[in-house]
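Read through the structure below, which is laid out as structure tokens, and then see the notes.
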Amino acid sequence: MIGSPPSKYEDNIADLLDRSIILFRRVGNDELADKWDRILKNYHMSLREKKQD
């Protein structure tokens, strides 16, 4: 699993989170956008840790 590219499923999750952040910012809900941004960053970190195992 080391060095393997992210699965399509993992890409879809990251894309969904990213689009949600953009939408929340567009409608003026910055608090929720910030929370989802932290979730996205944690998700990316967990993927990196998974690749290292």
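Quick one: helix 8-26 against the long Cα principal axis of the chain, what's the angle to the nearest 10°, folded into 0 to 90? Its long axis makes an angle of about 20 degrees. Using only side-chain charges placed at the Cβ, +1 for Lys and Arg and -1 for Asp and Glu, the dipole size of the chain relative to its Cα centre rounds to 40 debye. Helix 30-52 sits at what angle to the longest principal axis of the chain, using alpha carbons and giving 0 to 90 degrees rounded to 10? Value to nearest ten degrees: 0.
Net charge in the neighbourhood of Glu31 (other residues with Cβ under 13 Å of its Cβ; Lys, Arg +1, Asp, Glu -1) is 0.
What whole-number volume per residue, in cubic angstrom, does the convex hull of the C-alpha atoms of the chain give?
Spelled out: Cα convex hull of the chain, divided by residues, is 54 Å³.
Each reported figure results from applying straightforward, stated rules to the coordinates on display, with no laboratory input. What you see is a predicted model, and the numbers here were worked out from it, not measured in a lab. In this analysis, Cβ positions are derived from the backbone assuming ideal geometry, glycine residues included, and neighbour counts consider all displayed protein chains.
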